[in-house]
Amino acid sequence: MVRLNQYPMKDMGLLGGTLKKSLRYGAVIAASTLAFGITVAPAAPAATAVKACLALDTGGVDDKSFNAAAWRGAQSTATASVTVKYLAAQSDADYAPNIKKLVDEKCSVIIGVGFLINSAIVDAAKANPGTKFAIVDQDGFDHGPNGDQYPGTALTNLKGLQFATNQSAFQAGYLAAGFSKTGKVATYGGLNIPPVTIFMDGFAKGVAYYNKVKGKKVVALGWDTVKKDGTFVGGFSDQAKALQISKNFEQQGADVIFPVAGGLGGATAGQSMTGHKSVTIWVDSDGYVQAPQYKSVLLTSVVKGVDTSVAGVIKDVAKGMFSSTGYLGTLANKGTYLASYHDLAKKVAARLQNEVRQLGIDIKSGKVKVS
Amino acid sequence: MKFFRKAVSTIALPGLAFLSALFVSGLLIAFSDPKVLKLAHSPFKFIGGAFAAAGKAYLALFEGAIFDPNLAHPNFFDGFYPLSETLVAASPLILTGLSVALAFRAGLFNIGAQGQFIFGAIGASVVGFKTTMPVGIHVIAAIVTAMVFAGLWGGFVGLLKAKTGAHEVIVTIMLNYVASYFLLWLLSTTPFLRKGRQDPIAPPVKESARLPHLAGPNLRVNLGIIIALAAAAGVWWLLNRSTWGFRFRAVGANAAAARTAGISVPLVTTLVMAIAGALAGLGGAVQILGSEYALTAGAGGTFGFDAITVALLGRANPIGTVFAALLFGGLRAGGLTMQANTDTPIDLILVIQALVVLFIAAPALVKAVFRIKQLKVGSGVVSKGWNG
């Protein structure tokens, strides 16, 4: 998942709310509140053979989304001979300086987390051929100074980590269509960008596939597979808007909702819990584990293996087997998958469970095309 | 001697506020370090560990903001890479700070530097990647476009205030939302999509529209800092030496008296907001053409909001604003190194910045702490109330 910083909203809300008698105090309060959420960076062990470094985007290490997943993956590889560290960015302007810091620190491998870091990573990879790089959610190719050369040139020290999440989202769409009592299911995204819409597209096509196979007319709200447009929050931090979208979907009769907006999924799951009208499909990680407060309404999760792929890169570097060949997470290599139904397993008909399982096998074998 | 005393009294408050902020932040650094907390059983070791932790963090801050000996060989000059980063971070801040400071002096609260910055960034980016022009002219065209876009955006607020009495604080805050969502929408339209990408990132500006580097390709410091300093000199001249500047200040000091004296308050209001907008827009242009080269949804960062702090710290004075912006630029650049070298969270830099402002805004506190009886406190204009 992608998260963009929403500074203007955050800060203006505070400033607007606290401006009272004098601007001076308003500004002080705004400046002071900027300081919330201090995180204690983990202390790195003593210098060892492999040093794996993450350059995070502005979401920060606690974003409960892909930054957190990448860091979780990196931490899982830490051993006596592998140290891990991360640098967080406060704004888009920090990416290039942060990566230079990591190069100067002689990191064995530097992994950029998030598509916005791509340019900075590509530049650094070209300037430092001796250092290994990887980038999450981008192909990692050099597309020229104007970014318009396609397919572009591969770099021998940069690996792109991408995910065919439409495969698992396709399964989720089929499952949702089969699970729905009202004949309506829904999805919405944070922003209209590929790492988000690939989920929504897969979901809607999964619903369409169910209709084709079963001769049903289940409606998928929130994404038009032809127009390539749908319902979006406009960011990844507006809980109120995500909640409003979820309520609207419920009023239209949707009883399965698949939010593709990182932590905003909590708004939808919360509505599912209070309204008892819908269930939620979690995104990115297994919500049952990462957001257990919602476990009673989580039908399943469409997992994107940012953590396992990041861990894979670091392990390869440690073994001296780093390759710049792009990684594509699929159902076949478990880079993306549909999580367990957990507590809701007894509500999903055994037949439907079998069909979803078989669908996964058919997608892997290429019998069913998801795009 | 008199000059010296004046200089001391001017910088004493910000200086002492900064020292106080460093002290409190040092405590935070020490207490958030698990290694220090482990020493809690022995008071002496604990204090020593705390000093060591804070000292290490501040050393990294210095190394990240001014000079890093680790980078100084084989090429000694490269050791100044951090200083270059400080200047890169300070350039847009100087310009947005000037935008806020100028408006302050005319009695206007420009909370809209963020939106104006975004419009400047949009203008610079469009000209930068869409058009083809000879080297030199391209940069100037991009900068002028940025200033016009942002000037109109800011001037619109002044016009609204002049014609309808709409309060500029509310209007600028709201227009910040409009600007950031407009940017988000713009980045989803076809002309602003980078080929082969659908992420909200515009194509990079062409080489011919980029601001030249001042100290070789390895250091990112660029013409932007010169532009920013020139703008500061220009604003100083405008405010202190020109007739219009006198009118601005007259309106800021007492709008009713200025009107009686024959100054057109609506015209001044509109003009000041337009110039303030153009300054913030110039900041956006410097950011895009000088160091980022591409428009993104987060291109605005927090430059417009930090500008309010910078202008306050600089006492709404162009020269003070430059130094305040340099300080904040240094904190930004140094903060990244502090995070990298000592695992001190980067958020702590925000704490230091907030504490500096807190101490600045509470002169009585600084006076009490340092037992100073006479200390020149703030200029009246800055602390004027909501209905000023």
Need at least 2 residues that are among the aliphatic types (A, V, I, L, M) and under 18 Å from the mean Cα position of the chain (by Cα) per element, so show me which strands (runs of 3 or more DSSP E) inside the range A:274-332 make the cut, counting only ones lying wholly within it. A:279-284, A:298-304
Mind telling me which of the residues B:G154, B:G165, B:G216 ends up being surrounded by fewer than 20 Cβ atoms within 10 Å (Cβ to Cβ), under 25 Å from B:V88 (Cβ atoms) and small (G, A, S)? B:G216
With the requirement that a residue be at pLDDT 95 or above and not in a helix (DSSP H, G or I), what does the range B:264-294 give you? B:S264
Being aliphatic (A, V, I, L, M), away from chain B (no Cβ under 11 Å), in contact (Cβ under 8 Å) with a residue 40 or more places away in the chain and within 22 Å of A:G190 (Cβ to Cβ) narrows it down to one residue among A:A70, A:A74; which is it? A:A70
Criterion (at positive phi and not acidic (D, E)) met by exactly one of B:R315, B:R259, B:R247: B:R315
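So if I check each of B:G107, B:G128, B:G115, which one is within 14 Å of chain A (Cβ to nearest Cβ), touching a residue at least 24 places away in the same chain (Cβ under 8 Å) and not in a helix (DSSP H, G or I)?
B:G107
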Within the range A:221-240, is there a residue that is touching a Lys or Arg at 6+ places or on another chain (Cβ under 8 Å) and at pLDDT 95 or above? yes
Residues satisfying the stated conditions in the range B:32-47, i.e. closer than 23 Å to B:I346 by Cα and either in a helix (DSSP H, G or I) or away from chain A (no Cβ under 11 Å) (or both): B:P34, B:K35, B:V36, B:L37, B:K38
Just checking, does the range A:138-149 include any residue being at pLDDT 95 or above and of a type outside the set (S, T, N, Q)? no
Collect the residues in the range A:195-239 that are farther than 22 Å from A:D137 by Cβ and assigned to a helix (DSSP H, G or I), keeping them in residue-number order. A:V207, A:A208, A:Y209, A:Y210, A:N211, A:K212, A:V213, A:K214, A:Q239
Given (1) closer than 19 Å to B:F328 by Cβ; (2) of a type in the set (A, V, I, L, M); (3) free of Cβ contacts under 8 Å to residues at least 40 places away in the same chain, number of the condition B:I47 does not satisfy: (1)
Among the candidates A:N98, A:N118, residue that is touching a residue at least 24 places away in the same chain (Cβ under 8 Å), assigned to a helix (DSSP H, G or I) and crowded, with 24+ Cβ neighbours inside 10 Å: A:N98
Considering each of B:G262, B:G304 in turn, give the residue that is over 19 Å from B:G165 (Cα atoms) and surrounded by fewer than 24 Cβ atoms within 10 Å (Cβ to Cβ). B:G262
Hey, can you tell me all the residues within the range B:315-333 that are surrounded by fewer than 24 Cβ atoms within 10 Å (Cβ to Cβ) and within 9 Å of chain A (Cβ to nearest Cβ)? none
Close pairs (9 angstrom Cβ cut-off, 6 or more residues apart or separate chains): closer than 20 Å to B:I140 by Cα and assigned to a strand (DSSP E or B) in the range B:217-230, modelled with pLDDT of 95 or more and of a type in the set (K, R) anywhere: B:N222/B:R210
Does the range A:283-296 contain any residue that is at pLDDT below 95 and within 16 Å of A:G173 (Cβ to Cβ)? yes
Being of a type outside the set (D, E, K, R), under 21 Å from B:A294 (Cα atoms), touching a His at 6+ places or on another chain (Cβ under 6 Å) and not assigned by TED's automatic domain parsing to the domain that holds A:D201: is that true of A:Q149 here? yes
Suppose we keep only residues that are at pLDDT below 75 and more than 9 Å from chain B (Cβ to nearest Cβ) within the range A:31-63. Which one would you say is nearest to the chain's Cα centre (by Cα)? A:P45
Run down A:V196, A:V113, A:V109, A:V122 and say which single residue is within 29 Å of A:T83 (Cα to Cα), within 13 Å of chain B (Cβ to nearest Cβ) and under 24 Å from the mean Cα position of the chain (by Cα). A:V122
All positions within the range A:284-309 that are within 25 Å of A:G178 (Cβ to Cβ) and free of Cβ contacts under 8 Å to residues at least 12 places away in the same chain: A:V289
Among the candidates B:L336, B:L350, single out the residue that is out of contact with any helix residue (DSSP H, G or I) (no Cβ under 7 Å at 6 or more places or on another chain), part of a helix (DSSP H, G or I) and within 7 Å of chain A (Cβ to nearest Cβ). B:L350
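The values are calculated or read from the model by the stated rules, or taken from the named source; none is laboratory data. Just so it is clear, the model here is predicted, and its values are computed rather than measured. No Cβ is skipped: glycine too gets one built from the backbone with ideal geometry, and neighbour counts run over all protein chains shown.
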